[in-house]
Amino acid sequence: MNLYDELKADLKKGIVKVTFTKINGEKRIMDCTLSEMMVPADKLPKGRTPVVETKETMAVYDLNAKGWRSFKIDNVIESETILTI
């Protein structure tokens, strides 16, 4: 399994602390998830909006910023599962 698939599986099961380099070169640490149980109902995707998914960028729900953010997989420095539900 590659990093994208591993991260996606972990994010769907709980909270992952992802450390990555932003496009501007800054280091960023984000507590994020893809678990529908952890994303507020008003922040869940609505309708049948087609999502273009690539293995280069991952969109996640940032629990601290309370919104959707994304990062490039190639810029991930480390990830750590901090909660599994």
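The values are calculated or read from the model by the stated rules, or taken from the named source; none is laboratory data. Bear in mind the structure is a predicted one, so any value in this text is a computation, not a measurement. No Cβ is skipped: glycine too gets one built from the backbone with ideal geometry, and neighbour counts run over all protein chains shown.
Out of Lys8, Lys27, which single residue is surrounded by fewer than 15 Cβ atoms within 10 Å (Cβ to Cβ) and within 15 Å of Ser79 (Cβ to Cβ)? The unique qualifying residue is Lys27.
Return the only residue of Lys27, Lys12 being more than 11 Å from the chain's Cα centre (by Cα) and of a type in the set (D, E, K, R). Step through it out loud before you land on a result.
Working: Lys12 fails: more than 11 Å from the chain's Cα centre (by Cα).
Going through Lys27, Lys12 in turn, the sole match is Lys27.
Is there a residue being on the phi > 0 side of the Ramachandran plot, at pLDDT 95 or above, loosely packed, with under 10 Cβ neighbours inside 10 Å and not in a strand (DSSP E or B) anywhere in region 58-78? No, because not a single residue in region 58-78 is on the phi > 0 side of the Ramachandran plot, at pLDDT 95 or above, loosely packed, with under 10 Cβ neighbours inside 10 Å and not in a strand (DSSP E or B). In a residue-by-residue description of region 39-49, the property of being part of a loop (DSSP other than H, G, I, E, B), under 14 Å from the mean Cα position of the chain (by Cα), in contact (Cβ under 8 Å) with a residue 24 or more places away in the chain and surrounded by 11 or more Cβ atoms within 10 Å (Cβ to Cβ) applies to no position.
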